1. Just grab the label-to-label distance for L92 and T119, each label 7 Å out from Cα along the Cβ direction, in nm (one decimal).
2. Pairs K247/K293; K144/K285; K26/K198; K223/K293: which exceed 30 Å Cα-Cα?
3. Grab the Cα-Cα distance for A63 and E151, subtract it from 0.36 nm times how many residues apart they are, and report the gain in nm with one decimal.
4. By average Cβ neighbour count within 10 Å, what is the ranking of 63-72, 217-226 from highest down?
5. Could you tell me whether the range 209-308 comes out rounded, prolate or oblate from its Cα gyration tensor? Rule is a ≥ b ≥ c as square roots of the eigenvalues, rounded for a/c under 1.5, then prolate if a/b exceeds b/c, otherwise oblate.
6. Which peptide among 319-327, 230-238, 335-343 comes first, and what is the full order, when sorted by highest mean count of other Cβ atoms within 10 Å?
7. Any idea what Rg and Dmax come out to for the range 250-367 if you just take the C-alpha atoms, in Å?
8. Quick check on packing: order 92-99, 116-123 by the mean number of other C-beta atoms within 10 Å, highest mean leading.
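The values are calculated or read from the model by the stated rules, or taken from the named source; none is laboratory data. Everything numeric here is computed off the predicted structure, so don't read it as measured data. All Cβ positions, glycine included, derive from the backbone under ideal geometry; neighbour counts span all protein chains shown. We work out accessible area using only protein heavy atoms, side chains counted, and drop any ligands, DNA or RNA first. Shrake-Rupley method; radii C 1.70, N 1.55, O 1.52, S 1.80 Å.
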Amino acid sequence: MYGDTEQAAAAAAERTAFRRAEKQYKLYKPLKPKGGRARSKPGGGGGGGGGLEDLSAVVDFHALLAAGGGELPGGIGRRDVAGFDRPVFCFLDRPGFYFIPGALSIEEQCYWIRESLKTFPQPPNRTNLTALYGPIFDLLTAAKSGKILVEVGNPNDQERSEQNSDGRKSNSFKFLEDTEIQKGEVCRSTAATTLVRKLRWSTLGLQFDWSKRNYDVSLPHNKIPDLLSVLAKKMAIPAMPSGEEFKPEAAIVNYYGPSDMLGGHVDDMEADWSKPIVSISLGCKCIFLLGGKTRDEVPTAMFLRSGDIVLMAGEARECFHGVPRIFTGSDQAEISALVPQLSAEDDSFILNYIQNSRININIRQVY
């Protein structure tokens, strides 16, 4: 009986307007039937981002900005904010949603890309890798050096097999050079470069417990980095109640690979929804869907590029939203401006990563 109910709910979700939009824009990998030629699923173009799908309905705020002060399409407005020196767009039927195109300079984008890969995954910040490997220090440095994360000691040792009180595995792994691993030794190991590619999220400030879907103040944590806090306070101004200042207390950093997507959801774990989520986009361009308070409302699709910032406050906090698609490849990712800034030898690994990835930093006021 319960299985039938769950199947019915899943089937109903597949029929919603939001789900249809996700399928419309999702990147589908080519099918490779035995003995036949590769073919693409309908609705999502081919692999690699070069499909022939119709993107004419996707709102492009950069194009609107480039057009100057002409008449805006129906349903789109501009918000003039005293003392705020960047253009701000909004949707008239989605109060509390604001789009700031090109909010960050190229130099700022590169700085936050570096920080997202070097500093933000550092303990006590937790990542999706923490539960498997325990705290991992200096992951980016290890990846640049070609090191391998190896389980040390006897994996059956009771002391090493126990878990910490917060559910994380005791730290029984360390980075080694390939030459340091004994030949014929059987142990769990993963290349640091692979682990970087497996990064999906890291949490800054107050730590978010994904299993309980709430903030766990008992977990060790550092405060939000000062420069990120200053940036968030400044960018939050268009969405803040008059006379109030945004107080960054937590952030979730999402890492997207070439075929990753973020399904439709609502961010509802913070106490005060009148305060915005400040969402910073870095790296490859993506499609962002903004829906309504139910999945049955048809969402609006828009392009998000590196350096764009989105604010969601008030009623917009109740809206379903997601990312069905990122664009990779030099012709569609639109990150060529980042290349000169990341061309130094020390940045070569980061450049290689960001050419096929997207990073999203979401800063929140929890209380």
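1. That separation, rounded to one decimal, is 4.2 nm.
2. Those over the limit are K223/K293.
3. Extending this stretch completely gives an extra 26.6 nm.
4. 217-226, 63-72
5. rounded
6. Order by mean packing, descending: 319-327, 230-238, 335-343.
7. 15.3, 49
8. Going from most to least packed, we get 116-123, 92-99.
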